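Student: Sharing a structure, written as structure tokens. Questions coming.
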2 protein chains.
Amino acid sequence: MRKEKDKVKVIPLGGLGEIGKNLTVIEYKNDIIVIDCGMSFPDADMLGIDIVIPDITYLKKNIDRVRGIFLTHGHEDHIGALPYVLKEINVPVYGTKLTLGIVESKLREHNLNDVVKLKCVKAKDVIKLDSMSVEFIRTSHSIADSTALAIHTPIGIIFHTGDFKVDYTPIDGSVIDFARLAELGKKGVILMLADSTNVERPGYTMSERTVGTTFQKFFSLAKSRIIVATFASNIHRIQQVITAAEKYDRKVAISGRSMENIMEVAMNLGYIDIKKNTLINIDNINRYPGNRIVIITTGSQGEPMSALSRMAASEHKKVNIIPGDTIIISANPIPGNEKLVSGVINQLFKKGAEVIYEALADVHVSGHACQEELKLIHTLVKPKFFMPVHGEYRHLKQHKDLAVSLGMPSNNVIIADNGDVIEVSRDSIKKTGTVVSGQIFVDGLGVGDVGNIVLRDRRHLSQDGILTVVITIEKQTGTVIAGPDIISRGFVYVRESEDLMEEAKELVRGALNECEEKHITEWASIKSNVKEVLRSFLYEKTKRKPMILPIIMEI
Amino acid sequence: MRKEKDKVKVIPLGGLGEIGKNLTVIEYKNDIIVIDCGMSFPDADMLGIDIVIPDITYLKKNIDRVRGIFLTHGHEDHIGALPYVLKEINVPVYGTKLTLGIVESKLREHNLNDVVKLKCVKAKDVIKLDSMSVEFIRTSHSIADSTALAIHTPIGIIFHTGDFKVDYTPIDGSVIDFARLAELGKKGVILMLADSTNVERPGYTMSERTVGTTFQKFFSLAKSRIIVATFASNIHRIQQVITAAEKYDRKVAISGRSMENIMEVAMNLGYIDIKKNTLINIDNINRYPGNRIVIITTGSQGEPMSALSRMAASEHKKVNIIPGDTIIISANPIPGNEKLVSGVINQLFKKGAEVIYEALADVHVSGHACQEELKLIHTLVKPKFFMPVHGEYRHLKQHKDLAVSLGMPSNNVIIADNGDVIEVSRDSIKKTGTVVSGQIFVDGLGVGDVGNIVLRDRRHLSQDGILTVVITIEKQTGTVIAGPDIISRGFVYVRESEDLMEEAKELVRGALNECEEKHITEWASIKSNVKEVLRSFLYEKTKRKPMILPIIMEI
């Protein structure tokens, strides 16, 4: 009797064919582990949606086997879905100190901090489960305390890079653990899953330290206040601002709620190196001359309610932009945010500030590996099979091409999609099925209660507005005894369109009369007649298609 | 008695503080000339708007003095508002042959081609008006037959660059007229208005011809069909595709309505150099093997209804993407379109096609001058005063800095805004007032009937939908005799929210009873009570704020 071949299942539930909501399931017999639990931001057509999280139906069905969620680092696209997912499956969460610090403050907002088991690890730690063990390995990224994961399974090692770059001179001095990667490569890695975000960029990502050099240059030149906007989670960037501030004898104030939160977490956990008197309260900035002040703020993406946007619009209670201020936007606009960022830059310039941004100086570096770094990792880890992750299809495809250019057989690379079940054995990798996967929309308190129909309606409403027609009918006779009344919103200026509305009412009356004559008494038919006559009239008059909502009241 | 100083007024009505809808007024005593008449695309928050055009109230008021509209080139942001503006002020339109060819086909769609006077000019032509004359000067840009304008006025020459780049090897061989620019500079230019689009980019823009080299490389490699997507108006780009196709013995088919229109105009006017049998009908592409075919198509911006998007989505009637196809997207995404373009690239890759785009190869060059080209023009034209145009504030500011770095006194540069009245004399430039200016929204057939209130409602509707509450009340007694009925759209799934709606109705009944008890009989007060009770209930339950529309019917 032949023994069934030993197999590990890899099931991505997010992060493939998209940037964001990373979540990968690794499964061997009775053990399921989850790598990361991220959210993504809504696309432009997901109107009114706050965030998007992965569909975890599969995990809920197999909850008895889920051993824990293993976090590679503390970015939203890797931890942002935790509060929602943990409400459904309360399993232990493993991560490094800073990662869990950020998670904890997030869980507190959702009143979940007491019920969730957070298990703090450090690089080189190995968590042993029944049939697998998970090893945390130091990497570099645009947030401190980032890790890759080596999953030791009975069929071999599965290596997941997490998000990473190669930085030979990282701010905290702890370089990516090349020695361990080489060891794993020597031992034999069966499957690598690697970050594809920057696969289209040739060459190397610059070291985070280059940004510090730019800061020092502008700090040495600035004659008045300096305001630096960056991602709150980029502790190393913040550290470099603080270092430059101390060098040029400036106090540092913090602005923006998420920046304050992260600073508190990072300082409590010892991730920030700062002198005793450097930090001041934002309320006290005016006690110092401009050339002794640096403000670190949120808003590098031009988010309308962020601190920097409020400063630019003169709506910030504590910081008023004046000529002579130097504003450094230390971030690139995420695709989709270009116009917002540009708007903030324009406003700041108009107020007489100097604005330094990516088009003008090296004030940002990416956190993701470019082509040459990816080649280095592939060459060190030497996996037998490869599955590109973290990217749209174009990135995954090009990451495959990169692997093949390094000598990997094309058949050993699998481009998967969310929900695919990938089975890996010692000598094969293949897709064997699919599980439920998808996007769950979070809108206010609702998780999953807004779906495609609601979104379709919002899109319709957003384009041409709505027109409500109300008629009161006597039940017995079917006679119209009040209305039609027509009320519109988002369609035309009501005051300037009285004639149009009068004509519309007349047409509705006509449609109702016709229904009466033809003895049409079903509401659905009456409504659809009214709708049709209005739709074609309004389209002819305006070439617009508002949503038409006929309401019949019966007395 | 002192004679009043001779002055020319320059009044930008569009194109300042923004990219698009370029329109500049130049005025001397009894003569007004208009330079360009462009449209812009709506921002993301201008929901449902088709295009945006400049407010020309000022021109309507002064129609008797308007001598004509002078077009620098045929791009939409310079000619797109013509059909709307000419309906209000039917003045002669001057432009080069290709520019007017494109204008004519646009006017035909609006049934205006018979009523508008189009006056065709060529480079070096001078149009004499009473007190001014307008000289057309050859430039290079991403559309053929582009010009700058020199306005000869009694106080000196005003030079407007139009959109331009410096291309020493343009496809049509006719280089920017440096000799004439130098002559004007020698004669003395009082004021220059110059394109600021690319002022943030150091160095030079590459020649259009470099794209041709890239085309030839990929044409020599492609084993099957080649599909090139680009801007329809980029005749030189299209010419280079045709040249490469003929070199590699491929037939050329055209796809997409605007591409077909422009090709017809350009071929009729002699702007395309093509062999007799190169062009084939798109219906006939399957009569040839793949390696004998090139398709030139619209859709380089990922526009959802464009030909390329339909091919990518398998919705194109005549072109079905198959493995082996090479698709070249010969354009950069315009800010805001990145996600659309990316989506199309992903779909094409999934179909097994090779996709070549800006991240991977030099398949596009800009049409606008970078810093070194701008310096060249400033140095040749040597204007006394300078007003940067075509750009957001950040671009205008940096163009000012560039001029000052070349030695121009800071006070001689004016950063203006749309609607500013700039008075120029032989020895001064200053802002002396403002005229009405702004954005007019075109939505379907409506021009200007959608304003801020309608847009505000559309934004509200787009975020959380609408909830309509209908009540029928007996006029005499004020008793509720039908309802409340509640109907929502774009708020929650109706089926899954029955309890929520029942609770909401109950609250409305309560509010109505309270009104009755307190003898509140005014509709406005009843409505606002109902609204308030629903608003706070729904926000508490869902953290959403749908539009609430109470309707009271009286019988």
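Student: Scan segment A:484-491 and tell me whether some residue there is more than 30 Å from A:Lys87 (Cα to Cα), more than 27 Å from the chain's Cα centre (by Cα) and in contact (Cβ under 8 Å) with a residue 60 or more places away in the chain.
Tutor: Scanning segment A:484-491 turns up no residue that is more than 30 Å from A:Lys87 (Cα to Cα), more than 27 Å from the chain's Cα centre (by Cα) and in contact (Cβ under 8 Å) with a residue 60 or more places away in the chain.
Student: Identify, by number, the condition in (1) assigned to a loop (DSSP other than H, G, I, E, B); (2) modelled with pLDDT of 95 or more that A:Ile296 doesn't meet.
Tutor: (1)
Student: Only one of B:Ser525, B:Ser497, B:Ser536 is among the hydroxyl-bearing types (Ser, Thr, Tyr), more than 30 Å from B:Phe41 (Cα to Cα) and within 11 Å of chain A (Cβ to nearest Cβ). Can you tell me which?
Tutor: Sole residue among the options that is among the hydroxyl-bearing types (Ser, Thr, Tyr), more than 30 Å from B:Phe41 (Cα to Cα) and within 11 Å of chain A (Cβ to nearest Cβ): B:Ser497.
Student: Still on this structure, I have one more. Would you confirm whether any residue within segment A:160-181 is of a type outside the set (S, T, N, Q) and more than 30 Å from A:Gln240 (Cβ to Cβ)?
Tutor: Taking every residue of segment A:160-181 in turn, none turns out to be of a type outside the set (S, T, N, Q) and more than 30 Å from A:Gln240 (Cβ to Cβ).
Rundown of residues vs (1) outside any loop (DSSP other than H, G, I, E, B); (2) basic (Lys, Arg); (3) in contact with a Lys or Arg (Cβ under 9 Å, 6 or more places away or on another chain), yes/no style:
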| residue | (1), (2), (3) |
| --- | --- |
| A:Asp6 | no, no, yes |
| A:Val10 | yes, no, no |
| A:Lys21 | no, yes, no |
| A:Ile26 | yes, no, yes |
| A:Ile32 | yes, no, yes |
| A:Gly38 | no, no, yes |
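Student: Do we have any residue at all in segment B:276-288 that's at pLDDT 95 or above and of a type in the set (D, E, K, R)?
Tutor: There is at least one residue in segment B:276-288 that is at pLDDT 95 or above and of a type in the set (D, E, K, R).
Student: Separate question: State whether one or more residues within segment A:207-221 are under 30 Å from A:Pro383 (Cβ atoms), buried (at least 23 other Cβ atoms within 10 Å of the Cβ) and of a type outside the set (Gly, Ala, Ser).
Tutor: For segment A:207-221, residues under 30 Å from A:Pro383 (Cβ atoms), buried (at least 23 other Cβ atoms within 10 Å of the Cβ) and of a type outside the set (Gly, Ala, Ser): present.
Student: State whether one or more residues within segment B:544-551 are under 22 Å from A:Leu445 (Cβ atoms) and either more than 13 Å from chain A (Cβ to nearest Cβ) or touching a Gly at 6+ places or on another chain (Cβ under 6 Å) (or both).
Tutor: For segment B:544-551, residues under 22 Å from A:Leu445 (Cβ atoms) and either more than 13 Å from chain A (Cβ to nearest Cβ) or touching a Gly at 6+ places or on another chain (Cβ under 6 Å) (or both): present.
Student: Scan segment A:487-494 and give yes if some residue there is more than 10 Å from chain B (Cβ to nearest Cβ) and farther than 30 Å from A:Ile53 by Cβ, otherwise no.
Tutor: no
Student: All but one of (1) buried (at least 20 other Cβ atoms within 10 Å of the Cβ); (2) touching a Leu at 6+ places or on another chain (Cβ under 9 Å); (3) in a loop (DSSP other than H, G, I, E, B); (4) within 13 Å of chain A (Cβ to nearest Cβ) hold for B:Asp417; state the number of the condition that does not hold.
Tutor: Answer for B:Asp417: the failing condition is (1).
Here's the yes/no breakdown for (1) assigned to a strand (DSSP E or B); (2) at pLDDT below 95; (3) under 22 Å from the mean Cα position of the chain (by Cα):
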residue: B:Leu184; (1), (2), (3): no, no, no
residue: B:Ile190; (1), (2), (3): yes, no, no
residue: B:Leu193; (1), (2), (3): yes, no, yes
residue: B:Val199; (1), (2), (3): no, no, yes
residue: B:Met206; (1), (2), (3): no, yes, no
residue: B:Val228; (1), (2), (3): yes, no, no
residue: B:Ser233; (1), (2), (3): no, yes, yes
residue: B:Gln240; (1), (2), (3): no, no, no
residue: B:Ala244; (1), (2), (3): no, no, no
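Student: Moving to a separate point now. Return the only residue of A:Asn22, A:Asn62, A:Asn30 being in contact with an Asp or Glu (Cβ under 7 Å, 6 or more places away or on another chain), over 24 Å from A:Lys106 (Cβ atoms) and either surrounded by fewer than 21 Cβ atoms within 10 Å (Cβ to Cβ) or polar (S, T, N, Q) (or both).
Tutor: The match here is A:Asn30.
Student: Scan segment A:450-468 for residues that are buried (at least 20 other Cβ atoms within 10 Å of the Cβ) and either more than 10 Å from chain B (Cβ to nearest Cβ) or among the small types (Gly, Ala, Ser) (or both) and report the count.
Tutor: 3
Student: While we're on this one: If you scan segment B:433-449, which residues turn out to be touching a residue at least 24 places away in the same chain (Cβ under 8 Å) and more than 7 Å from chain A (Cβ to nearest Cβ)?
Tutor: Residues satisfying the conditions are B:Val435, B:Val436, B:Ser437, B:Gly438, B:Gln439, B:Ile440, B:Phe441, B:Val442, B:Val447.
Student: Quick one: which residue in B:Ser410, B:Ser405 is under 29 Å from B:Tyr28 (Cα atoms), without any contact (Cβ under 8 Å) to a residue 60 or more places away in the chain and hydroxyl-bearing (Ser, Thr, Tyr)?
Tutor: Criteria check complete, one pass: B:Ser410.
Student: Do any strands (runs of 3 or more DSSP E) lying entirely in segment B:303-402 carry at least 3 residues that are outside the structural domain of B:Glu183 (by TED's automatic domain parsing) and in contact with a helix residue (DSSP H, G or I) (Cβ under 8 Å, 6 or more places away or on another chain), and which ones are they?
Tutor: B:326-329
Student: If A:Val365 passes every condition in (1) within 13 Å of another protein chain (Cβ to nearest Cβ); (2) at pLDDT below 95; (3) within 15 Å of A:Thr197 (Cα to Cα) but one, which one does it miss?
Tutor: All conditions are met except number (1).
Student: While we're on this one: All but one of (1) assigned to a helix (DSSP H, G or I); (2) touching a residue at least 40 places away in the same chain (Cβ under 8 Å); (3) farther than 22 Å from A:Pro170 by Cα hold for A:Phe218; state the number of the condition that does not hold.
Tutor: Checking A:Phe218 against (1) assigned to a helix (DSSP H, G or I); (2) touching a residue at least 40 places away in the same chain (Cβ under 8 Å); (3) farther than 22 Å from A:Pro170 by Cα, the one that fails is (3).
Student: Within segment B:305-361, can you find the residues that are free of Cβ contacts under 8 Å to residues at least 24 places away in the same chain, charged (D, E, K, R) and away from chain A (no Cβ under 12 Å)?
Tutor: Matches in segment B:305-361: B:Arg310, B:Glu315, B:Lys317.
Student: Looking at B:Val265, B:Val252, B:Val228, which one is of a type in the set (Val, Ile, Thr), touching a Leu at 6+ places or on another chain (Cβ under 6 Å) and either touching a residue at least 60 places away in the same chain (Cβ under 8 Å) or crowded, with 19+ Cβ neighbours inside 10 Å (or both)?
Tutor: Only one candidate passes the filter, namely B:Val252.
Student: Being within 12 Å of chain A (Cβ to nearest Cβ) and either in contact with a strand residue (DSSP E or B) (Cβ under 8 Å, 6 or more places away or on another chain) or of a type in the set (Phe, Trp, Tyr) (or both) is the filter here, so list the residues in segment B:500-509 that pass it.
Tutor: None; the set is empty.
Student: How about segment B:72-84: which of its residues are touching a residue at least 60 places away in the same chain (Cβ under 8 Å), within 20 Å of B:Asp114 (Cα to Cα) and buried (at least 24 other Cβ atoms within 10 Å of the Cβ)?
Tutor: B:Gly74, B:Ala81
Student: Limited to segment A:149-168, what total is found for residues that are among the aromatic types (Phe, Trp, Tyr) and surrounded by 21 or more Cβ atoms within 10 Å (Cβ to Cβ)?
Tutor: Residues in segment A:149-168 being among the aromatic types (Phe, Trp, Tyr) and surrounded by 21 or more Cβ atoms within 10 Å (Cβ to Cβ): 2 in total.
Student: What's the total number of residues in segment A:142-176 that are under 12 Å from A:Ala123 (Cβ atoms), polar (S, T, N, Q) and assigned to a strand (DSSP E or B)?
Tutor: 1
Student: Another question about this same structure. Scan segment B:510-519 and tell me whether some residue there is crowded, with 18+ Cβ neighbours inside 10 Å and in contact with a strand residue (DSSP E or B) (Cβ under 7 Å, 6 or more places away or on another chain).
Tutor: Yes: segment B:510-519 contains one or more residues that are crowded, with 18+ Cβ neighbours inside 10 Å and in contact with a strand residue (DSSP E or B) (Cβ under 7 Å, 6 or more places away or on another chain).
Student: May I pose another question? Just to be sure I understand the filter: pairs with C-beta atoms under 7 Å, separated by 6 or more residues or on different chains, first member in segment A:285-298 and assigned by TED's automatic domain parsing to the domain that holds A:Tyr248 and more than 13 Å from A:Asn320 (Cβ to Cβ), second member of a type in the set (Asp, Glu) and surrounded by fewer than 16 Cβ atoms within 10 Å (Cβ to Cβ). Which pairs pass?
Tutor: A:Arg292/A:Asp249
The values are calculated or read from the model by the stated rules, or taken from the named source; none is laboratory data. Since this is a predicted model, take the numbers as computed values, not measurements. Heads up, the Cβs are rebuilt from the backbone with ideal geometry, glycines too, and the neighbour counts pull from every protein chain shown.
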